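**Q** Below is a structure I'd like to ask you about.
FYI, it's all coordinate maths here, none of it is from the lab. These numbers come from a predicted model, not from an experiment. Virtual Cβ from ideal backbone geometry, glycine too; neighbours counted across all protein chains shown.
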Amino acid sequence: MLNRLLVLMLLSVIVLTSSIRKIANYRHYVALGVAIVSISLGLLPLNKVLNYVDVDVIGLIIGMSIMTVFIELSGLAEFLALTISKYVRKPSLIILSLSLTAGIISIALENVSVVLIMAPIAFALASKLKIDPKVMIIGIALASNLSGSATMIGDPQAIITAGYFRLAFGDFIVYGGKPSMFFFTLAALILACLSLAFMARTKYLKSNHSENIRTDTMSEVKREVDKTYILETVLFLSVKIILLTFRNELGIPLSFAAFIAITGLSITRLTLHRDVKSVINALKGGFEWRVAMFLIGVFTIAGSFSEQGLANDLAKLIHFIGGNNLFLITSTLVWISVLASAFIDNVPYIATMLPVIEGLQRILNVDPIVLAWALLLGATLGGNLTFIGASANVVAVRLLEKKGFQTSFIEFTKLSIPFNTVSVLSGWLLYELTWILT
């Protein structure tokens with residue numbers, strides 16, 4: 001009993017550190033400290049640490065971070081956003097297009113980067129059309145958070161899930177002959193963005209609040225587009241996806257796919273273009289040793305959680321709530337994850353809950369992926385309730401404030417709650433109809 005209490009206390013330390021913005025920058029030190037304490041106390045035997053610390057997953061996450069910097073430097077996101085804004089003129093359609101674009105490119109680009117890249121474009125368009133920019137900026141942030149688990153490379157929680165159950169890239173699109181996370185997330189994204197555009201059309205586009213935005217904002221986002229760089233980035237990102245799709249058949253680890261893509265793009269930029277600066281910036285900016293430290297701590301405490309029987313206990317509790325009714329159990333997983341992700345970081349939550357999924361799978365004798373999708377879906381779709389629930393939302397509000405548009409908690413939730421409600425309900429119902437009720 002004492003060991004279980006210690007595990008819960010250490011897990012709480014990681015969760016609180018990750019969730020409180022003022023101290024979140026130090027979460028990697030806290031997580032590593034927690035890992036050392038848990039091993040020292042015997043909560044996780046030293047000889048079992050490597051069973052839980054997935055070095056391959058950490059390698060892919062770091063590799064994806066480096067690729068994210070390459071994508072950002074290539075100008076791919078800006079190229080897509082500017083192309084759309086060039087051909088779409090109606091304000092409500094621009095809001096719909098920008099939010100959808102943010103959601104789609106955040107599948108391969110870190111969410112905060114998506115907001116920072118697209119915000120100047122949104123401000124420029126708001127100034128040009130004389131409309132309130134709040135709905136555009138908030139819409140971009142909400143959409144970027146929504147699509148992270150559409151593929152296995154979108155967000156750390158998707159990568160961790162893929163590594164735990166040895167999933168390939170294609171499994172997130174179709175698994176066992178059924179549509180998977182890609183379709184649930186994409187449907188939720190489209191419907192939520194449509195609801196945002198409708199709200200904007202009926203309310204926010206009627207007001208003129210853009211006088212404070214500089215009229216030359218569009219010049220801030222105009223830069224020479226290096227189409228060769230964009231094509232090379234897309235090419236090697238595609239190579240990475242292909243390797244991840246067939247990784248089980250090829251017998252290659254997750255990190256190998258990332259290594260090939262990064263190495264290939266780096267060599268191409270160096271040999272063909274002598275672009276040393278770009279390569280150095282990508283490797284330096286993308287190699288997140290803090291992320292590695294944090295993940296080692298999270299995996300260790302998740303291992304302690306499993307070793308001390310807490311994962312089994314929680315699995316039994318969920319089974320007690322839902323019985324043998326798979327609809328009730330998966331719905332419980334979805335909605336618990338929605339509530340949890342509104343307040344705590346998804347990475348420790350997912351890492352801790354995956355052993356619970358494994359325990360439930362043994363009790364119910366079902367494919368664990370059926371349960372894993374419910375867990376991942378709720379965690380992905382549920383983090384948009386407040387602007388403190390995700391870093392991209394915080395950045396969006398700060399950018400608005402810098403331009404003179406104070407955005408209160410209530411103002412944000414007037415947009416986020418309908419958006420979040422539509423996304424969660426549509427994703428949940430589509431998942432249940434596809435996987436459970438058929």
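**Q** Using 0.36 nm times the number of residues separating Asp313 and Phe79, minus their current alpha carbon distance, what extension gain do you get?
**A** Separation in residues times 0.36 nm, less the Cα-Cα distance, equals 79.2 nm.
**Q** For Leu339 and Lys86, calculate 0.36 nm times their separation in residues minus their Cα-Cα distance, and state this gained length in nm to one decimal. Each step should come with its number before you reach the end.
**A** Details: separation 253, 0.36 × 253 = 91.08 nm, distance 3.89 nm.
Additional length available on full extension: 87.2 nm.
**Q** Which value, in debye to the nearest 20, gives the size of the charge dipole of the stretch 13-159 about its Cα centre, when Lys and Arg are +1 and Asp and Glu are -1 at the Cβ? Don't skip to the end; give the middle numbers.
**A** On the way: 10 positive and 7 negative charges, 125 e Å.
My answer is approximately 600 debye.
**Q** Quick one: if the Förster radius is 30 Å, what FRET efficiency do Ile321 and Phe287 give, using the C-beta to C-beta distance and rounding to 0.05?
**A** Numbers: r = 43 Å, r/R0 = 1.43.
E(calc), rounded to 0.05, equals 0.10.
**Q** A follow-up question, please. Would you be so kind as to identify which of Thr386, Met293, Gly323 lies farthest towards the positive end of the dipole of the stretch 258-393, taking Lys and Arg as +1 and Asp and Glu as -1 on Cβ and the Cα centre as origin?
**A** The Cα lying farthest towards the positive end belongs to Met293.
**Q** Taking the 0 to 90 degree range and rounding to the nearest ten, how far is the long axis of helix 27-40 tilted relative to the main principal axis of the chain, both from C-alpha atoms?
**A** Computed tilt is about 10 degrees.
**Q** Given the pairs Lys90/Lys402; Lys240/Lys316; Lys22/Lys402, which span a C-alpha to C-alpha distance of over 28 angstrom in this model? All intermediate terms of the calculation are to be shown ahead of the outcome.
**A** Details: Lys90/Lys402 26 Å; Lys240/Lys316 39 Å; Lys22/Lys402 20 Å.
Long pairs (Cα-Cα over 28 Å): Lys240/Lys316.
**Q** Could I ask something else about it? Please give, to one decimal in nm, the separation of the simple spin-label points placed at Asn51 and Asn248, each 7 Å out from Cα toward the Cβ.
**A** If labels sit at Asn51 and Asn248, their model points lie 2.3 nm apart.
**Q** So, one more: If R₀ is 35 angstrom, what is the calculated FRET efficiency for the pair Leu194 and Leu328, using the beta carbon separation as r and rounding to 0.05?
**A** Numbers: r = 30 Å, r/R0 = 0.85.
Computed FRET efficiency for Leu194 and Leu328 comes out at 0.70.
**Q** I would also like to ask the following. Just to confirm the number: angle between the C-alpha axis of helix 409-431 and the first principal axis of the chain, 0 to 90 degrees, nearest 10?
**A** So the inclination is approximately 60 degrees.
**Q** What's the extension gain from Ser40 to Met9 if we count 0.36 nm per residue and subtract their Cα-Cα distance? Mind showing how you got there, number by number?
**A** Values: separation 31, 0.36 × 31 = 11.16 nm, distance 1.51 nm.
Separation in residues times 0.36 nm, less the Cα-Cα distance, equals 9.7 nm.
**Q** Moving to a separate point now. In debye, nearest 20: dipole of the chain around its Cα centre with unit charges on the Cβ of K, R (+) and D, E (-)?
**A** Working: 33 positive and 25 negative charges, 222 e Å.
Dipole about the Cα centre, nearest 20: 1060 debye.
**Q** Let me ask you something else. Scan around Tyr175 for amide H atoms under 5 Å from its own, H built in the peptide plane at 1.01 Å from N, and keep only partners 5 or more places away or cross-chain.
**A** Long-range HN contacts for Tyr175: Ser180.
**Q** What are the semi-axes of the equivalent ellipsoid of the chain, taken as the square roots of 5 times the eigenvalues of the Cα gyration tensor, listed largest first and rounded to whole Å? Could you put the intermediate results ahead of the total?
**A** On the way: eigenvalues 248, 135, 88 Å².
Equivalent ellipsoid semi-axes, largest first: 35, 26, 21 Å.
**Q** Hey, can you rank 368-375, 134-141, 50-57 by average C-beta count inside 10 Å, highest first? Show your work: numbers first, answer last.
**A** Numbers: 368-375: 23.5, 134-141: 28.6, 50-57: 17.1.
Most protected by this proxy first, the peptides run 134-141, 368-375, 50-57.
**Q** Follow-up. Compute the Cα gyration tensor for the stretch 137-205, then decide on rounded, prolate or oblate, letting a ≥ b ≥ c be the square roots of its eigenvalues: rounded whenever a/c is under 1.5, prolate when a/b is larger than b/c in the other cases, and oblate in all that remain.
**A** Since a/c reaches 1.5 but b/c is at least a/b, the shape of the stretch 137-205 is classed as oblate.
**Q** Return the FRET efficiency for the residue pair Val276, Thr228: r is the Cβ-Cβ distance, R0 is 22 Å, and the value is rounded to the nearest 0.05. Kindly include the intermediate steps, with their values, before the conclusion.
**A** Numbers: r = 16 Å, r/R0 = 0.75.
The calculated FRET efficiency here is 0.85.
**Q** If one takes the longest principal axis of the Cα atoms in the chain, at what angle in degrees, from 0 to 90 and to the nearest 10, does the Cα axis of helix 76-87 lie?
**A** So the helix axis and the longest Cα principal axis differ by about 50 degrees.
**Q** Have a look at Ser423, Ser127, Ser144 and tell me which one the Gaussian network model of the chain (Cα, springs below 10 Å) gives the largest fluctuation.
**A** Between Ser423, Ser127, Ser144, it is Ser127 that shows the largest mean-square fluctuation.
**Q** May I ask which residue of Asn312, Leu377, Met353 lies farthest towards the positive end of the charge dipole of the stretch 273-398, with charges of +1 (Lys, Arg) and -1 (Asp, Glu) on Cβ and the Cα centre as origin?
**A** Looking along the dipole axis, the top candidate is Leu377.
**Q** Next question, about the same structure. Determine the dipole magnitude for the stretch 280-438: charges of +1 sit on the beta-carbon of Lys and Arg, -1 on that of Asp and Glu, nothing else is charged, the reference point is the Cα centre, and the result goes in debye to the nearest 20. All intermediate terms of the calculation are to be shown ahead of the outcome.
**A** Details: 8 positive and 9 negative charges, 97 e Å.
Once rounded to the nearest 20, the dipole reads 460 debye.
**Q** Further, regarding this structure: Most exposed first by the Cβ proxy, i.e. fewest other Cβ within 10 Å, how do Tyr29, Tyr349 rank? Intermediate results must be reported in sequence, preceding the final value.
**A** On the way: Tyr29 14, Tyr349 24.
Taking fewest neighbouring Cβ atoms as first place, the list is Tyr29, Tyr349.
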